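Comments concern the structure below.
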Amino acid sequence: MDVVGIGETMVSFMPDTFGRMRYTNRFTSRIAGAETNTLIGLAKLNHQVGWISRVGEDEFGASILKFVRGEGVDISQVKQTKNIATGIFFKEVINENDVHIYYYRKNSAASTIERRDINEEYVKSAKYLYLTGITPALSESCREAIFHSIEVANFHGVKVVFDPNIRKKLWNDDLAKKTILAIAEKADILLPGIEEGEFLVGKSTPDEIVKQFHRLGIDTVVLKLGEKGAYYSCRDECGFAPAYKISRVVDPVGAGDGFAAGLLSGMLDQLEMAEAVARGCAVGALVATVSGDVEGLPDREQLKKFTQLNDGQDVSR
């Protein structure tokens, strides 16, 4: 197994037209979750990935399992929970620069994830454990499960990759900051956005943010800068990877998850760090060109063509 991820996946409903949801009566449903977005992105790039979670024993849960399995993710560690519903959310797109997410996930099946759901042998089999700051925000049992999974990974030499992915709607700032920093200190690779970095360490420039995370003992920090690209720093090198050009941002939600998939793919392929970060930028850009969280995730051929076009190469042959 290359990467194992833990977290909630939900059914997403999006109006068929732009504007306030109150003015539409037609919705399209999709499957979305930060961790499975990244895992699906990795599967599309031919990596072996697995997911640990819970879904309800309901039609939404069945839909999620069918979809995620169909995208090449191992779901053997996902439990179906009776009498507890699968979470859902609505994505309201006013325009490409004004997107609102409304969650209906309180007391969802995934919020009941607990320590005993973490299969030690399953985590041990992976090269990387991928986590986000969303899961520990769902419940106390989820927090315990996440910290336990890190203990298991650390004990067996599995590298922990952590994207803070802060969702302030899920918890108060004090608890969020305390918990996310505690997880970050135990991670090998940290993937914050620049606003998240400022929130967590109180610094405002990329260099200051990264240096502060290094002081906490984190070996590798990749700071996402949105349309500007990404700044990375590890023990023996640091640098900047510019963003890839796209004609228009259609849907920015999920771009960060795509970035994580591209970065991890590059690391699994043993690319130099600069190349791995550049791959993350490329996948993140592609995700933003398509409506939906996973619909824009590329396979290797699509990724190759996109990067060649951005490099000015002729790909028509």
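Calculated FRET efficiency, Arg69 and Glu151, Cβ-Cβ r, R0 22 Å, to nearest 0.05? Could the numbers behind the result be given before it?
Numbers: r = 28 Å, r/R0 = 1.29.
Rounded to the nearest 0.05, the efficiency is 0.20.
Assuming R0 = 41 Å, what is the FRET efficiency of Ser125 and Lys228, from their Cβ-Cβ distance, to the nearest 0.05?
Values: r = 37 Å, r/R0 = 0.90.
After rounding to 0.05, the efficiency reads 0.65.
If the chain linking Glu272 and Ile246 were pulled fully straight, counting 0.36 nm for each residue of separation and taking away their Cα-Cα distance, it would gain 6.9 nm.
Out of the GluC sites (Glu not before Pro) in region 144-219, which ones are loop residues according to DSSP with at most 14 other C-beta atoms within 10 Å?
On the way: sites: Glu144, Glu151, Glu185, Glu195, Glu196, Glu198, Glu208; in loops: Glu185.
The qualifying sites are Glu185.
Farthest towards the positive end of the charge dipole of region 248-298, among the residues Ala282, Leu263, Val249, is the Cα of Val249, using unit charges on the Cβ of Lys, Arg, Asp and Glu. Estimated from the Cβ-Cβ distance and a Förster radius of 25 angstrom, the FRET efficiency linking Asn83 and Phe27 is about 0.45. Find how many whole Å separate the alpha carbon centroid of region 169-247 from the alpha carbon centroid of region 92-118. Centre-to-centre distance over Cα atoms comes out at 22 Å. A full extension of the chain between Lys305 and Arg215 corresponds to an added length of 28.5 nm, given 0.36 nm per residue minus the alpha carbon distance. Across Val250, Val73, Val55, mean-square fluctuation computed from a Gaussian network of the chain (C-alpha pairs under 10 Å connected) peaks at Val250. Among Asp117, Asp174, Asp188, which one moves the most in a GNM of the chain with springs linking Cα atoms closer than 10 Å? Maximum among the listed residues: Asp174. Over region 158-288, what is the relative contact order in percent, taking alpha-carbon pairs closer than 8 angstrom and at least six residues apart? Averaging sequence separation for qualifying contacts and normalising by length gives 18 percent for region 158-288.
Within the listed set Tyr128, Tyr232, Tyr23, the Gaussian network model of the chain (springs between alpha-carbon atoms below 10 Å) gives the highest mean-square fluctuation for Tyr23.
Throughout, read-outs are computed from the coordinates displayed, never taken from laboratory work. No experiment lies behind these values; they were computed from the predicted model shown. In this analysis, Cβ positions are derived from the backbone assuming ideal geometry, glycine residues included, and neighbour counts consider all displayed protein chains.
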